[in-house]
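Chemist: Got a structure for you, written out below as structure tokens; questions coming shortly.
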Amino acid sequence: MSLYRSDRNLVFVLQILSAISGAVLLLIVGFLLLETLPILQEIGWWRFFSDPAWYPTSQQFNITPMVVGTLLVTFGAVSLATPLGILSAIFCQYYAPTALATIYRRLIELLAGIPSVVYGFWGLVVLVPIIGRLHPPGPSLLAGILILAVMILPTVMLVTDSSLTAIPDHYWTGSQALGLGTWATVRGVCLPAARSGLITGVMLATARALGETLAVLMVCGNIVQVPQQVFDPVRTLTANIALEMAYALEQHRAALFVSGLVLMIGVTLLVLLSELIQPQS
Amino acid sequence: MNRGTFLRLMPLGFALALGIQACDSTNASNASNKIILTGSSTVAPLASEIAKRYEKENPGIRVDVQSGGSSRGIADVRQQVADIGMVSRSLNDQETDLKAFPIAKDGIAMIVHKDNPVGQLTEEQVIGIYTDKINNWRQLGGQDAPITVVNKAEGRSTLELFLKHFKLESPKIKADVVIGDNEQGIKTVAGNPNSVGYVSVGTAASQVQNGGPIKLLPLNGVSASLETVKDETFPLSRSLTLITKGTPNESQQKFLDFAQSQQVHDIVEEQYFVPLS
Amino acid sequence: MSMRRNHLTEPLMAAVVWCTAGVVTLILVWLVGDLVWQGGGQVNWTFLTTSPEKAGVEGGIAPILVSTGLILTVCMAVATPLGLGTAILLTEFSSQAGPFGRAVRLSLDILAGVPSIVFGLFGNALFSKRLGLGFSILSGGLTLACMVLPILIRSVQEGLQAVPQDYRRSSAALGLSRTATLGTLILPAAMPGIMVGLLLGIGRAIAETAALIFTSGYVDRMPSSLFDSGRSLSIHIYDLATNIAGGEPHAYATALVLMGTLILINGGVSWLAHRFRQSRLQVI
């Protein structure tokens, strides 16, 4: 399709803006590589997975338990928050009366803006003692999953909600005319139509869960181990960076940047995976 | 149409903004009437309050305090990013290139929940607990409950001092919870009746004063309090220190003198530390 | 058969949906109720208009409010044009964007997953050290801008994609340039999505702590310019909650103020979005 001259100008400007947006990642990756190259050249990749344990000040750099911890916390939180978030959006769109839906949406937006520090703080003084009474010690994989699930729920809900809003009205009226019930319409018509939005919401939520630092640090117990059950404490890669970065020097510091790099690789894999399952428009 | 023009102007504005930043940045941080402190999160609130009073008494001078950690304070001073560093311990043998200016004293105390019947621990018992040789309070005369061991994260000065005092090594410690700053440790212990941890004496004492459900355990029979830290009978203490690389310049020296003077003793006590006499 | 199953499924699912909403509301009320209960008594005019004393245990949060506002302004002033521009290119001109567009899209998806603490270290190295901005509101705002970009762009894209293709086709049939179509039709129609993006962005930025500790800094005095270090509300909460003895009451109070601010922003933005959409549609 040919373009007007004004369009060509616009595209040019937009390309510059996009290039800046895209360059941010290159800058960050470049910076991470710069910081990690010395240690990777010196001790190599493999030691980060084969060392006996993580004692960076004693030259032991095994990060495997933290990779497992990160994956478990994220997976748990996402599988809890996804159904809750999607059902919440459906509630707003198709079940609640308009006034109630507006209030509910405002509540969720509020939830989206509560700083992670506050979640962590609340988790530490309210949730962790409750879990501790059920099954000591308290700070655990479970606490992390629950807090993160509440944190990422708004992301799933708001993105799903806005993509459900975008479905043309006649989809709904058509289905009603066929005599289908509310749920049947939601399941058969609305959710498939909003599929791209749903996947985006879950992706954003997963990314947020993977990257969350302070709340997880405050409730997970931060023990470097592969948990045997949900009541065991774990440490995530992000908590590892936050806990030790301010105090780390030289090789220890570089080892923490490797944690960051591994996290980036994980995110990249996740994105490539979702590219595969995302319907191409 | 309007929107098109607007869109075209946006990147221009952005570039301009960046340009202005680049020009202005040169004179932002190098002014001689500005002193930058970075380092230990234990010292930062104290230094911040001292800085405020100093600014009030010396108009025109600005003292910026940034938190981070003792190691960062040392690194920043070495790289001359900061004028003065803050560390929550004394300098060691590898740090002879730096000059130390102690401003207050602090101790590290073992804490347990208020409801825990165990009233004191010997050094051997502490070592036993932290190496998982003792893992039930019953072995110490308490209730039949597993001990939740709270430890500090790798690299923190408090952990270093704790390890040094008990002659432990990090890999030998088997903890159940690892925490960052002092208050997090206190909240963790307050929320779990079967836990044991170690934190700054001052922070813990202030919690007890405000009705927090924790208690400080004596160490080797010496009670953990600001008084025993002050008369130097408490075995596990440290000094909070400001550091510079080489000899400080005139305005830095003036601030350091102020921070070590009688004039700030009330601030030191307000922050639950012990002033140097 | 299917009708009978329908009779069971419909009320069952309605119950499930209502229950979910109930549970989520309960959690929220519990959380917010706790904050209001613990912090409500502390928040008053003096708290909002005085400077912190004794490391925040006494006094108020006035300078911290100002710093937070400035950091957010810098962040959104940089992120909004970049985000809108990128989203429009990727969605409306995807044929012109080509492999370049795909690369940008991929890099943004990855960027969305970069942990905030890594942004903090990056911002510290690039803005504070390399560009010489030091610990300043500007460094903090720019770092946050990088961080909210992906979430902003993805939401704006969703909003744009939600505009029916008919709009674009009929406008093209009328011989309108795409630029004109965009300004008069698509953007107004996509306003709700754009606003959700801005909201999520602001929400993410205002709540951020880890990225700001190393960039905008810890100084709790009133900032006199964008080159001053300024402590944000979230850093204040973090410091009070984990580092200051007796800081808990003011940590609660500050958290409450932060949430109140957010409610105001949310309300204002959705009111604006509503107004904007109506006025635009009237023009058409």
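The values are calculated or read from the model by the stated rules, or taken from the named source; none is laboratory data. Please read these numbers as outputs of a predicted model, since none were measured by experiment. All Cβ positions, glycine included, derive from the backbone under ideal geometry; neighbour counts span all protein chains shown.
Chemist: Considering each of B:Gly85, B:Gly68, B:Gly39 in turn, give the residue that is under 19 Å from the mean Cα position of the chain (by Cα), modelled with pLDDT of 90 or more and not polar (S, T, N, Q).
Modeler: Values: B:Gly68 fails: modelled with pLDDT of 90 or more; B:Gly39 fails: modelled with pLDDT of 90 or more.
One residue alone meets the criteria, B:Gly85.
Chemist: Tell me which residues, restricted to region B:234-247, are modelled with pLDDT under 90 and over 20 Å from the mean Cα position of the chain (by Cα).
Modeler: Matches in region B:234-247: B:Gly246, B:Thr247.
Chemist: For region C:95-112, indicate whether the set of residues that are surrounded by fewer than 24 Cβ atoms within 10 Å (Cβ to Cβ), within 8 Å of another protein chain (Cβ to nearest Cβ) and farther than 16 Å from A:Ser18 by Cβ is non-empty.
Modeler: Taking every residue of region C:95-112 in turn, none turns out to be surrounded by fewer than 24 Cβ atoms within 10 Å (Cβ to Cβ), within 8 Å of another protein chain (Cβ to nearest Cβ) and farther than 16 Å from A:Ser18 by Cβ.
Chemist: Same structure, new question: Go through region B:161-205 and give me each residue that's within 11 Å of chain A (Cβ to nearest Cβ), over 16 Å from A:Leu124 (Cα atoms) and free of Cβ contacts under 8 Å to residues at least 12 places away in the same chain.
Modeler: Of everything in region B:161-205, those that are within 11 Å of chain A (Cβ to nearest Cβ), over 16 Å from A:Leu124 (Cα atoms) and free of Cβ contacts under 8 Å to residues at least 12 places away in the same chain turn out to be B:Leu163, B:Glu169, B:Pro171.
Chemist: If you check every pair at least six apart or on different chains, which have Cβ atoms under 8 Å apart with a residue in region B:122-135 that is under 16 Å from B:Tyr198 (Cβ atoms) first and a residue that is of a type in the set (Phe, Trp, Tyr) second?
Modeler: B:Glu123/B:Phe166; B:Val126/B:Phe166; B:Ile127/B:Phe166; B:Tyr130/B:Phe166
Chemist: Search region A:106-117 for residues that are touching a residue at least 60 places away in the same chain (Cβ under 8 Å) and among the β-branched types (Val, Ile, Thr) and pair each with any residue that is surrounded by fewer than 23 Cβ atoms within 10 Å (Cβ to Cβ) and in a helix (DSSP H, G or I) when their beta-carbon atoms are under 7 Å apart and the residues are at least 6 apart or on different chains.
Modeler: Here the result reads none, with nothing in region A:106-117 linked to a residue that is surrounded by fewer than 23 Cβ atoms within 10 Å (Cβ to Cβ) and in a helix (DSSP H, G or I).
Chemist: Which condition number does B:Gln263 fail, the rest of (1) away from every other protein chain (no Cβ under 14 Å); (2) free of Cβ contacts under 8 Å to residues at least 60 places away in the same chain; (3) not in a loop (DSSP other than H, G, I, E, B) being met?
Modeler: Going through (1) away from every other protein chain (no Cβ under 14 Å); (2) free of Cβ contacts under 8 Å to residues at least 60 places away in the same chain; (3) not in a loop (DSSP other than H, G, I, E, B) one by one, B:Gln263 breaks only (2).
Chemist: For region B:48-94, enumerate the residues that are closer than 24 Å to B:Thr158 by Cα, of a type outside the set (S, T, N, Q) and without any contact (Cβ under 8 Å) to a residue 24 or more places away in the chain.
Modeler: Residues satisfying the conditions are B:Ala75, B:Asp93.
Chemist: Right, something else. Among the candidates A:Gly76, A:Gly85, single out the residue that is assigned to a helix (DSSP H, G or I), at pLDDT 90 or above and crowded, with 24+ Cβ neighbours inside 10 Å.
Modeler: Values: A:Gly76 fails: crowded, with 24+ Cβ neighbours inside 10 Å.
None of the other options fit; the residue is A:Gly85.
Chemist: Kindly indicate the residue of region C:209-224 that is touching a residue at least 60 places away in the same chain (Cβ under 8 Å) and more than 8 Å from every other protein chain (Cβ to nearest Cβ) and also farthest from C:Pro52 (Cα to Cα) among those meeting that condition.
Modeler: C:Ala211
Chemist: Being assigned to a loop (DSSP other than H, G, I, E, B), within 19 Å of A:Thr165 (Cβ to Cβ) and either touching a Pro at 6+ places or on another chain (Cβ under 6 Å) or of a type in the set (Gly, Ala, Ser) (or both) is the filter here, so list the residues in region C:156-204 that pass it. Outline the logic, then answer.
Modeler: Of the residues in region C:156-204, the ones assigned to a loop (DSSP other than H, G, I, E, B) are C:162-164, C:174-177.
Restricting the remaining residues to those that are within 19 Å of A:Thr165 (Cβ to Cβ) gives C:162-164.
Result: C:Ala162, single match.
Chemist: Is there a residue in region C:259-266 that is under 19 Å from A:Phe121 (Cβ atoms) and facing another protein chain (nearest Cβ under 8 Å)?
Modeler: From region C:259-266, those under 19 Å from A:Phe121 (Cβ atoms) are C:259-262; that's our starting set.
Subset that is facing another protein chain (nearest Cβ under 8 Å): C:259, C:262.
Yes, region C:259-266 contains at least one residue that is under 19 Å from A:Phe121 (Cβ atoms) and facing another protein chain (nearest Cβ under 8 Å).
Chemist: Quick one: A:Tyr247 ticks every box in (1) in contact with a Lys or Arg (Cβ under 6 Å, 6 or more places away or on another chain); (2) modelled with pLDDT of 80 or more bar one, so which box is it?
Modeler: (2)
Chemist: So C:Val156 clears everything in (1) among the aliphatic types (A, V, I, L, M); (2) more than 7 Å from every other protein chain (Cβ to nearest Cβ); (3) more than 26 Å from A:Val11 (Cβ to Cβ) except one condition, right? Which one?
Modeler: All conditions are met except number (3).
Chemist: Could you pull out every one of the helices (runs of 4 or more DSSP H) wholly within region C:1-114 that has 3 or more residues that are within 26 Å of the chain's Cα centre (by Cα), modelled with pLDDT under 85 and over 27 Å from C:Pro223 (Cβ atoms)?
Modeler: Working: elements: C:2-39, C:45-49, C:62-92, C:94-113.
Where helices (runs of 4 or more DSSP H) fall fully within region C:1-114 and carry at least 3 residues being within 26 Å of the chain's Cα centre (by Cα), modelled with pLDDT under 85 and over 27 Å from C:Pro223 (Cβ atoms), they are C:94-113.
Chemist: Does B:Ile134 count as in contact with a strand residue (DSSP E or B) (Cβ under 9 Å, 6 or more places away or on another chain), away from chain A (no Cβ under 14 Å) and of a type in the set (Val, Ile, Thr)?
Modeler: Working: in contact with a strand residue (DSSP E or B) (Cβ under 9 Å, 6 or more places away or on another chain): no; away from chain A (no Cβ under 14 Å): yes; of a type in the set (Val, Ile, Thr): yes.
For B:Ile134, the condition - in contact with a strand residue (DSSP E or B) (Cβ under 9 Å, 6 or more places away or on another chain), away from chain A (no Cβ under 14 Å) and of a type in the set (Val, Ile, Thr) - is not met.
Chemist: If the Cβ limit is 9 Å and pairs must be 6+ apart or interchain, which residue in region A:202-213 that is over 14 Å from A:Leu146 (Cα atoms) pairs with which residue that is of a type in the set (Asp, Glu) and at pLDDT below 85?
Modeler: Matching pairs, first to second residue: A:Met203/C:Asp109; A:Ala207/C:Asp109.
Chemist: Is there any pair linking a residue in region C:252-274 that is assigned by TED's automatic domain parsing to the domain that holds C:Val57 to one that is modelled with pLDDT under 75 and among the small types (Gly, Ala, Ser), with Cβ under 7 Å and at least six apart or on different chains, and which?
Modeler: C:Met259/A:Gly113; C:Leu262/A:Gly113
Chemist: I would also like to ask the following. Looking at the structure I just gave you, is C:Thr242 without any contact (Cβ under 8 Å) to a residue 12 or more places away in the chain and in the same structural domain as C:Leu65 (by TED's automatic domain parsing)? Break it down stepwise before answering.
Modeler: Values: without any contact (Cβ under 8 Å) to a residue 12 or more places away in the chain: yes; in the same structural domain as C:Leu65 (by TED's automatic domain parsing): yes.
For C:Thr242, the condition - without any contact (Cβ under 8 Å) to a residue 12 or more places away in the chain and in the same structural domain as C:Leu65 (by TED's automatic domain parsing) - is met.
Chemist: While we're on this one: Test each condition in (1) within 8 Å of chain A (Cβ to nearest Cβ); (2) over 28 Å from C:Met259 (Cβ atoms) for C:Ile206 and report the one that comes out false.
Modeler: (2)
Chemist: B:Pro235 passes all but one of (1) surrounded by fewer than 23 Cβ atoms within 10 Å (Cβ to Cβ); (2) in contact (Cβ under 8 Å) with a residue 40 or more places away in the chain; (3) over 19 Å from A:Tyr55 (Cβ atoms); (4) within 12 Å of another protein chain (Cβ to nearest Cβ); which number fails?
Modeler: With (1) surrounded by fewer than 23 Cβ atoms within 10 Å (Cβ to Cβ); (2) in contact (Cβ under 8 Å) with a residue 40 or more places away in the chain; (3) over 19 Å from A:Tyr55 (Cβ atoms); (4) within 12 Å of another protein chain (Cβ to nearest Cβ) applied to B:Pro235, the lone miss is (4).
Chemist: Please state which of the following conditions B:Pro117 fails to meet, knowing it meets all the rest: (1) touching a Gly at 6+ places or on another chain (Cβ under 7 Å); (2) not assigned by TED's automatic domain parsing to the domain that holds B:Gly202.
Modeler: Going through (1) touching a Gly at 6+ places or on another chain (Cβ under 7 Å); (2) not assigned by TED's automatic domain parsing to the domain that holds B:Gly202 one by one, B:Pro117 breaks only (2).
Chemist: Among the numbered criteria (1) touching a Phe, Trp or Tyr at 6+ places or on another chain (Cβ under 6 Å); (2) free of Cβ contacts under 8 Å to residues at least 60 places away in the same chain; (3) under 30 Å from A:Leu127 (Cβ atoms), which one does C:Trp18 miss?
Modeler: (1)
Chemist: Could you say which residue among A:Leu153, A:Leu134 is closer than 30 Å to B:Asp181 by Cβ and surrounded by fewer than 18 Cβ atoms within 10 Å (Cβ to Cβ)?
Modeler: On the way: A:Leu153 fails: surrounded by fewer than 18 Cβ atoms within 10 Å (Cβ to Cβ).
That would be A:Leu134, the only listed residue that is closer than 30 Å to B:Asp181 by Cβ and surrounded by fewer than 18 Cβ atoms within 10 Å (Cβ to Cβ).
Chemist: Moving to a separate point now. Which helices (runs of 4 or more DSSP H) does region A:109-225 wholly contain that include 2 or more residues that are farther than 24 Å from C:Ser116 by Cα and away from chain C (no Cβ under 11 Å)?
Modeler: Values: elements: A:116-122, A:128-134, A:141-165, A:169-177, A:182-185, A:195-211, A:214-219.
Hits in region A:109-225: A:128-134, A:169-177.
Chemist: Also, I was wondering about something else. When region C:108-137 is examined, which residues are found to be β-branched (Val, Ile, Thr) and within 18 Å of C:Pro150 (Cβ to Cβ)? Explain how you work it out, then say what you get.
Modeler: Restricting attention to region C:108-137, the residues satisfying the condition of being β-branched (Val, Ile, Thr) are C:110, C:114, C:117-118, C:137.
Those that are β-branched (Val, Ile, Thr) and within 18 Å of C:Pro150 (Cβ to Cβ): C:Ile110, C:Val114, C:Ile117, C:Val118.
Chemist: If you don't mind, there's one more thing I want to ask. Consider only pairs whose beta carbons are under 7 Å apart and that are at least six residues apart or on different chains; among these, list those whose first residue lies in region C:45-62 and is within 13 Å of chain B (Cβ to nearest Cβ) and under 16 Å from C:Leu256 (Cα atoms) and whose second residue is crowded, with 16+ Cβ neighbours inside 10 Å and of a type in the set (A, V, I, L, M, F, W, C).
Modeler: Close Cβ pairs (under 7 Å, with a partner that is crowded, with 16+ Cβ neighbours inside 10 Å and of a type in the set (A, V, I, L, M, F, W, C)) amount to C:Gly56/C:Leu240; C:Gly56/C:Ile244; C:Val57/C:Ile244.
Chemist: Between residues in region A:46-75 that are within 13 Å of chain B (Cβ to nearest Cβ) and in contact (Cβ under 8 Å) with a residue 24 or more places away in the chain and residues that are in a helix (DSSP H, G or I) and of a type in the set (Lys, Arg), which pairs lie under 7 Å by C-beta distance while being six or more apart or on different chains?
Modeler: A:Phe61/A:Arg47
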